[in-house]
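Encoded as C-alpha cells, the structure appears first; notes follow it.
The values are calculated or read from the model by the stated rules, or taken from the named source; none is laboratory data. Here the structure is a predicted model, which is why all the values come from computation and not from measurement. A quick note on method: Cβ atoms are made from the backbone with ideal geometry, for glycine too, and the neighbour counts reach across all protein chains shown.
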Protein chains: 2
Amino acid sequence: MNDREMQTIESLHSIIRNAFAELKLPSYPAELYQPISYTLSLGGKRLRPFLLLAATDMFEGNLNEAIHPALAIELFHNFTLLHDDLMDQAPLRRGKETVYKKWNSNIAILAGDTMFALANRQMMLTRVDAIPQLLELLNVTAAEVCEGQQFDMNFETRSDVTLAEYMEMIRLKTAVLLACSLKTGAVIAGASQRDADILYHFGINIGIAFQLMDDLLDLYSQEEKFGKVKGGDILEGKKTFLYLKALELAGSDKEELKLLYQSKDLSKEDKISEVRSHFDRLRTRDATILEIHLYWKAAKDTLNNLSLPEERKTILLSYCEDLMVREI
Amino acid sequence: MNDREMQTIESLHSIIRNAFAELKLPSYPAELYQPISYTLSLGGKRLRPFLLLAATDMFEGNLNEAIHPALAIELFHNFTLLHDDLMDQAPLRRGKETVYKKWNSNIAILAGDTMFALANRQMMLTRVDAIPQLLELLNVTAAEVCEGQQFDMNFETRSDVTLAEYMEMIRLKTAVLLACSLKTGAVIAGASQRDADILYHFGINIGIAFQLMDDLLDLYSQEEKFGKVKGGDILEGKKTFLYLKALELAGSDKEELKLLYQSKDLSKEDKISEVRSHFDRLRTRDATILEIHLYWKAAKDTLNNLSLPEERKTILLSYCEDLMVREI
C-alpha cells in the first residue's frame, strides 16, 4: 500500500492545468463555444478537480481515469456559476465580465446548458463499471445545487430565515459538490463504499467550513480582494452566517439589527460600520471562527475513520488546511 | 420472434400516461418543483416517449426497462422548451402561460437545469449495461440541441441564411432528439448496433419531415390552432423552409421578397397576403410538400433495412404516418 509514491500538491495542479490545456471544444457555432472557452480560461483555484484527483491518489487509483471526471466537475461548477451570475445579475466574476454581460442572457443560458451536457460526457471517460454510480452522483448533486440556489434566491425576499435554514442552503449550494468531487475520486480508485462515503462527509464538512470562511472574510479580510468591496454582503443585505448568528445572539436588540440591515437610508460606509459595531458587541466574529473550527475539526475526525495509513491523507489535509487558515 | 404480441398505439400511450402519473417529484423547494410539475402537466403529444417505447417493443424488449428512459426523454425535451421559451420570450406554450411568464426568468432557468439533471437520472433507471451508451447518446444529443437553438437564434439577425444551413439547424434542434429516442428504445431492447443506427436515421428523416410540416402548416393549415395565428412565421420574419425555398425559386425577384419579408410598414393582413402571393406564384407550397414526401420516403426506405419482420414495424409506421398526413 505504501509502495507507490504520492503526488504532490504541485504535481496534481500541473495535471489539472495540462488537462484544461488539452481540452478540445468544438469551434462551431462560435457564439456557443467561445463563452465556454472564455469561462474556463478565467481560471480559479480548481478546488474541485484537485479534491477529485487527490482522492483518487490517496487510494492509489489510476490518475488517468480521474482526469476527465476532474474536468467534468469543473465544467459542471462553471455551468452553475454562469447561470448563477445571470440570475444574480453579477457583472463580474474573477475580476472579468460575466458571460451574460459580455455576450447576452440567452448565450449565458445556452452555453451553461451545453456545459452541463459536456460535464456529463467528460464524467463518462473513466472506468466503464464506475459510470452508473458516478453519473447518478453527479446528477443527484446537480439537482441539490439547484435546490440550494433556489433557497438562496428565496432568502433574498424573506426576513425570517433561520440559521438552520442557512446551513442547509450552503450544504446544498456549495458543500455537496466538494463532497461529490471527493467521492468521485475515491470511487474511480476502487475505494470501498465506506471509504468513499467517509470522504463524502469530509467534503460536506470542509464545504461548510469554506463557505463560513467566505462569509467571515467578506467583512474581516486582511487583504483587499480585486473587485470586492469589504462588507459587500452587508450592503446587499445578504443573509450570511455572520448576520444570522448576530440575530441569534442579539436578544432584545434583534429588531433593531434587522431594521438596520434592511435600511437603505444610510451611506455605504455608515451602514457597514453600524452593522459592524453590532457584530463587534455581539462577538459575532468569534462565534463564526468557532463554528469554522468545529466544522474543520469534524472534517479531520471523519478522516480518521478511513482505512488508510496516515501518510496517504497528508496531501488532502495540508491542502485543505492551507485554504482554511489562509487569512485567520 | 413473432410469438410475442405487440403493443398497440393506445396501449403504449396508456403506459406513458401511467408513468407520468406515477412520477414522484420532490415537493421542496416548491418554487423549483412546482414549475416542473406544471410544465409536465401541460401534456402534449408525448411523441418522443412514444417513439422510444415503440422502438423497444419492435425488438421485443422489456418495456419496464424503457419506461424511465421514456420519462427521461420527455423531461429533457421539456427542459429545452422551458429555456427556449425564455430565450424566445414566448408568452404561451400549449395555450398556457410559459414558466418564465407565470413565475419569472430565474425560476425558468433553474427549473430547466433541474429537469436536465432529473432526465439524466431517469435515463439510468434501466439495464445497467446499457447506461454508458444511453447517457452518452443523451448528452451528445443535448449539446446538439443547444447548437441547433444557437443557430436558430443566429438566423434571426442574419439575412443570408441558406436552405442548407436551415436544414442543418432543424436536424440539430429537432431531429436528433427523435432519433435519440428511437435509438435509446432499440438499445434497451438489445437490438444490434446496426438496427439501432437504422432507427436513428429513421428518426432524423421523420424529424426533418415533421419540422417541414410544421413550417407548412403555420401558413396552410386547414384547422385553426388554439393560440396560433395563421402566418405567424411570416409576421415574425422567421426564416422557415417556405421562405428560404421561395428565395431559392425567386430568381430576379429575390430582393423584392427579402425586402417584403423584413418590412414592418404593412398591416399584418397585408404582409401575410403579399408574402403568400409570392409563395403561390413560386409554387412554394408544392415544393415543400414534395420535400416532406422525400424525407418521409427516405425514412420508410431506411426502415426496410431493419432485420425485423414487416409486422413488427407497423405500429411505428402507422403512428408516424398519422402524424404525417394529419392535414395535407
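What to note about this one:
- Taking the criterion of being under 24 Å from residue B:202 (Cβ atoms), of a type in the set (Gly, Ala, Ser) and more than 20 Å from the chain's Cα centre (by Cα), the only residue of the stretch B:28-68 that qualifies is B:61.
So that you can scan it fast, the table gives a plain yes or no per residue for (1) more than 30 Å from residue B:148 (Cβ to Cβ); (2) within 14 Å of chain B (Cβ to nearest Cβ); (3) assigned to a helix (DSSP H, G or I); (4) at pLDDT 95 or above:
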{"position": "A:16", "(1), (2), (3), (4)": "yes, no, yes, yes"}
{"position": "A:32", "(1), (2), (3), (4)": "no, yes, yes, yes"}
{"position": "A:38", "(1), (2), (3), (4)": "no, no, yes, yes"}
{"position": "A:45", "(1), (2), (3), (4)": "yes, no, no, no"}
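- Filter result (of a type in the set (Val, Ile, Thr) and over 30 Å from residue B:274 (Cα atoms)) within the stretch B:165-224: B:176, B:184, B:187, B:188, B:198, B:204, B:206
- Every pair of residues 6+ apart whose Cβ atoms lie under 7 Å, when the first sits in the stretch B:104-126 and is more than 7 Å from every other protein chain (Cβ to nearest Cβ) while the second is charged (D, E, K, R) and in a helix (DSSP H, G or I): B:107/B:31; B:126/B:65
- Search result, residues across the stretch B:157-170 that are part of a helix (DSSP H, G or I), in contact with a helix residue (DSSP H, G or I) (Cβ under 6 Å, 6 or more places away or on another chain) and not hydroxyl-bearing (Ser, Thr, Tyr): B:163, B:169, B:170
- Only residues that are buried (at least 17 other Cβ atoms within 10 Å of the Cβ) and away from chain B (no Cβ under 13 Å) were counted in the stretch A:78-98, giving 3.
- All positions within the stretch A:132-171 that are within 8 Å of another protein chain (Cβ to nearest Cβ) and among the β-branched types (Val, Ile, Thr): A:140
- Scanning the stretch B:170-209 for residues that are surrounded by 22 or more Cβ atoms within 10 Å (Cβ to Cβ) and charged (D, E, K, R) gives B:173, B:183.
- Residue B:60, sole failed condition from (1) acidic (Asp, Glu); (2) surrounded by 21 or more Cβ atoms within 10 Å (Cβ to Cβ); (3) more than 14 Å from chain A (Cβ to nearest Cβ): (2)
- Given (1) more than 14 Å from every other protein chain (Cβ to nearest Cβ); (2) within 21 Å of residue A:323 (Cβ to Cβ); (3) among the hydrophobic types (A, V, I, L, M, F, W, C), index of the condition residue A:196 fails: (2)
- Being modelled with pLDDT under 95, at the interface with another protein chain (Cβ under 10 Å from one of its Cβ atoms) and out of contact with any His (no Cβ under 8 Å at 6 or more places or on another chain) is a property that residue B:129 lacks.
- Matching option when the condition is among the hydrophobic types (A, V, I, L, M, F, W, C), in contact with a helix residue (DSSP H, G or I) (Cβ under 7 Å, 6 or more places away or on another chain) and over 17 Å from residue B:182 (Cα atoms), among B:40, B:52: B:40
- Single condition residue B:102 does not satisfy, out of (1) farther than 22 Å from residue A:116 by Cα; (2) in contact with a Phe, Trp or Tyr (Cβ under 6 Å, 6 or more places away or on another chain): (2)
For (1) more than 25 Å from residue B:19 (Cβ to Cβ); (2) modelled with pLDDT under 95; (3) among the acidic types (Asp, Glu), each residue gets a yes or a no:
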| site | (1), (2), (3) |
| --- | --- |
| B:92 | yes, yes, no |
| B:117 | no, no, no |
| B:134 | no, no, no |
| B:146 | yes, no, no |
| B:149 | yes, no, no |
| B:158 | yes, yes, no |
| B:172 | yes, no, no |
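- Here residue A:69 clears all of (1) over 24 Å from residue B:127 (Cα atoms); (2) crowded, with 20+ Cβ neighbours inside 10 Å except the condition numbered (1).
- Scanning the stretch A:261-286 for residues that are modelled with pLDDT of 95 or more and of a type in the set (A, V, I, L, M) yields A:272, A:275, A:282.
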